[in-house]
Amino acid sequence: MSEEIGDDWDEALRELTGQMGEADSHARSVALVMTPLASVEAVAAVLAMSSLPGQVLMTDTGAAVWLEVEPDPEDDLNALLGADRPMPKKADELAKLLSQTSPLGVVLLVSWLGNGDQGEPGVSGQVIARRYQKGAEGADLPAGLVISTADGRVEDLLLGKSTPADYENIDASRMGRMAGLKALRKAMRRKKKGE
């Protein structure tokens with residue numbers, strides 16, 4: 001009888017760890033840098049010239065840069081920090097760089113998503129919003145308020161309902177430095193002409 005219990009226990013444990021592995025495989029983190037800039041070409045050019053990755057697309061409030069964030073072994077522990085959670089390194093670099101392109105700065109939104117109680121992807125997790133100005137990390141903002149006042153695409157991108165492939169976008173990682181420089185010059189000429 002104790003052998004049967006042991007076998008049942010082992011089977012239950014294998015099922016549980018298998019389900020946990022499945023849940024982890026659906027975990028996803030996404031960063032979105034929202035800028036007030038009106039040119040996706042100029043933003044993509046800045047990223048290309050800095051060798052930083054990102055998918056640049058236009059929203060109602062300006063160009064935004066989407067980046068899938070690599071999982072960090074410390075993510076579970078960092079989740080306990082709430083709003084004091086450190087931003088992922090690549091997303092932080094993007095926000096610091098782009099915050100220097102406008103006196104208004106940028107807002108970095110990062111979502112760490114997992115499966116919900118019913119196994120629905122993108123319904124549980126954490127979203128943090130942080131302002132960046134003049135190349136420095138600033139104050140946290142209420143993420144819900146930022147998302148609710150932004151273009152609907154912002155929420156969809158953060159919650160995994162859509163990806164940049166669903167919209168017209170520029171992949172800055174595929175744009176070389178020279179192409180970036182040409183695109184930036186072109187955007188600057190258009191700005192001078194008032195287009």
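The values are calculated or read from the model by the stated rules, or taken from the named source; none is laboratory data. As the structure is a computational prediction, the values presented were derived from the model and not from experiment. Every residue, glycine as well, gets a Cβ built from its backbone with ideal geometry; the counts of neighbours run over all protein chains shown.
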Inset, instruction - For region 65-74, state whether one or more residues are assigned to a strand (DSSP E or B), of a type in the set (Val, Ile, Thr) and touching a Gly at 6+ places or on another chain (Cβ under 6 Å). - result: yes
Legend entry - Filter pass, Thr61 being over 12 Å from the mean Cα position of the chain (by Cα), surrounded by fewer than 22 Cβ atoms within 10 Å (Cβ to Cβ) and of a type in the set (Ser, Thr, Tyr): yes
Inset, instruction - Could you tell me whether any residue of region 109-124 is assigned to a strand (DSSP E or B) and among the β-branched types (Val, Ile, Thr)? - result: yes
Legend entry - Residue that is modelled with the highest pLDDT, among those in region 65-111 that are exposed (fewer than 14 other Cβ atoms within 10 Å of the Cβ) and either among the hydrophobic types (A, V, I, L, M, F, W, C) or touching a Cys at 6+ places or on another chain (Cβ under 6 Å) (or both): Leu104
Inset, instruction - Show the residue pairs that are 6+ apart or on different chains and have beta-carbon atoms under 6 Å apart, the first residue being within region 137-157 and at pLDDT 95 or above, the second being assigned to a loop (DSSP other than H, G, I, E, B) and among the hydrophobic types (A, V, I, L, M, F, W, C). - result: none
